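Quick notes on the structure that follows.
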Amino acid sequence: METDLDVDVAVIGGGIAGLTAALALKCAGHKVAVLEAARIGTGVTGHTTGKITSLHRLVYTELADRHGPKVAGSYGQANQAAVEHIARVVAEEGIDCDFRRVSNYTYAESDDALARIRDEAALAGRLGLPSTFTSDVPLPFAVRGALRFDHQAQFHAVKYLQGLARAVDGSGCHVFEDTRVTAVRDGAPAVVETGGGTVRAREVIVAANFPIGDPGLFAERCYLHRSYIVASQAPSARLDGTFISVDEPMRSILAIDVDGSRYVLTGGEGHRATETGDAALRYRRLEAFARERLGAGVTSFRWSTQDVMPLDGLPYVGTLSPTAAHVHVITGLRKWGLTNGTAGALILADTLSGRHNPWAAVFDTSRISPAGRAGREGQRLEPAEAAQPETVPAETSEQPEQPAQTEQTALAGLRPGEGTVVEIGGHKTAVYADDAGDLHAVSAICTHLGCTVEFNADDVTWDCPCHGSRFAADGAVIQGPAAEDLGPRPLPSRPAGPLPG
Ligand code: FES
């Protein structure tokens, strides 16, 4: 984007929530502009497995325990409506995204899980959802039974997003890629600043996974959860359905065809983003499951992703903060952003078009969670004091500092593909050695609240252990709550000597 612009609605974020809202608003006669910091499909939506379903493991038991069956029912109806909305958009816009109808299963291998599935099936049926208990589960290993939702779906999420973007762009509406938002000011009009121009809009929707700058303090109402996926060569027999286990370790399973090759995706090994661990070991466990239980071949791709998990279990859709008038947010989509994001988008499209939406109150950002219910699984708020931020030291010199001897030693041991944090001239500095062994240095102080980032060798990212912000090796924000990049630091000179092997 290289111009100033006036529109009815500016949408920040080109994932499923932002693009779905943009298209619904365009269809309602609004002029919209979508501002995506990177390329369409490179964010969280593009890293999903592609399950489109209102069956979210055992979500109805969980929500009914916390909020009562009425709220659980609203969550289910909103997600079921999202399944049908996606199907309708695929058909009406002619989006070629490998969309196909499948049944979705939550399966049990233990007696305890079986009992929980029976309860969930009965509850979901009472809530009006397409729920069936079955002992006929089309998996290549024995299970005790499953809860099945029929007429669900799966698709290629990136292809769907690209189709949405094509449908939004044109006739006075715009989709801008590589357009990072640097500031949002509420008002009439609201103003969105980007590196290339200013967008003035009657309303703004922040649909960037985690709201930039976090004025609504969602970091205290949500936590980030990281999970891992491997794509392995699929066995010849096609998996007829999509699956998730109740028993731990949780496994999420589905098969996809990409460019003439069939893969089976196995997801799991999740943990809070604030916890560290051996990512390589997690990937190996998923690969072993795919090989031993699903008969899969070699693993071709693997990746991790982070989802925003609301502590009370319900997504947040509404005004960005208690004082916001024209800035709105969609966040906290759990691990089911394809349907929760679509539902959130439709809620805001209705709200901004002056229409009543039956689920808006349940997802509203101004809700106060019932005391004592947020922590059913031992979850608790994670304020910044969980890991104290450090004070960012003031700049002291224009001259590049030389690393102390201990840092010299750390840098000397840095192999290609590795990263480490060293203190150089009083600055915590994140240093990464690229494949050629060349060093790249950025500040190691997270731009959200000042914690020290850590290197993630599997994804080649700098990850913040406090609230889960992620930065690319060059310091660019991949995922908030941080809104600003890690600034460049003077490049330390590598000590003389050969590169470590
Ligand atoms: Fe909050 Fe880094 S300090 S994400």
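Any read-out appearing in this document is the output of simple, stated calculations on the displayed coordinates, not a laboratory observation. Given the structure is predicted, the values throughout are model-derived calculations rather than measurements. Here the Cβ is made from the backbone with ideal geometry for all residues, glycine too, and neighbour counts use every protein chain on show.
Could you work out the percent of alpha carbon pairs in the chain separated by over 32 Å, rounded to a whole number? Show your work: numbers first, answer last.
On the way: 54386 of 125250 pairs.
Tail of P(r) above 32 Å: 43 percent of Cα pairs.
Each Lys and Arg Cβ is given +1 and each Asp and Glu Cβ -1; about its Cα centre, the chain then shows a dipole of about 1620 debye. Considering only Leu129, Cys446, Gly318, and ranking their Cα positions along the charge dipole of the chain that arises from unit charges at the beta-carbon of Lys, Arg, Asp and Glu, the one farthest toward the positive end is Leu129. Local charge for Lys335 was computed over the other residues whose Cβ lies under 12 Å away, with Lys and Arg +1 and Asp and Glu -1, and equals +3. Taken over the chain, lysine pairs spaced eight or more positions apart, or on distinct chains, with alpha carbons under 24 Å apart number 6.
Taking only DSSP H segments of four or more residues, each worth -39500 (n - 2.57), what value at 222 nm results for the chain once the sum is divided by all its residues, to the nearest 500 deg cm²/dmol?
Here the helix-only value at 222 nm equals -7500 deg cm²/dmol.
Over region 321-369, consider all pairs of different Cα atoms and compute the Kirkwood hydrodynamic radius from their mean reciprocal separation; express it in Å, one decimal. Final number for the Kirkwood radius of region 321-369 is 11.5 Å. Counted by Cβ distance under 13 Å from Gly197, the other residues give a net charge of -3, where Lys and Arg count +1 and Asp and Glu count -1.
Across the options Ala361, Gly163, Gly68, the greatest Cα extent toward the positive end of the charge dipole of the chain (unit charges at beta carbon of Lys, Arg, Asp, Glu) belongs to Gly68.
When only Cα pairs below 8 angstrom with a gap of at least 6 residues are kept, region 278-351 shows a relative contact order of 23 percent.
Stretching the chain fully between Ala325 and Arg367 yields a gain of 13.5 nm (0.36 nm per residue, less the alpha carbon separation). Highest mean packing comes first when the peptides 285-293, 21-29, 457-465, 410-418 are listed by Cβ atoms within 10 Å, giving 21-29, 457-465, 285-293, 410-418.
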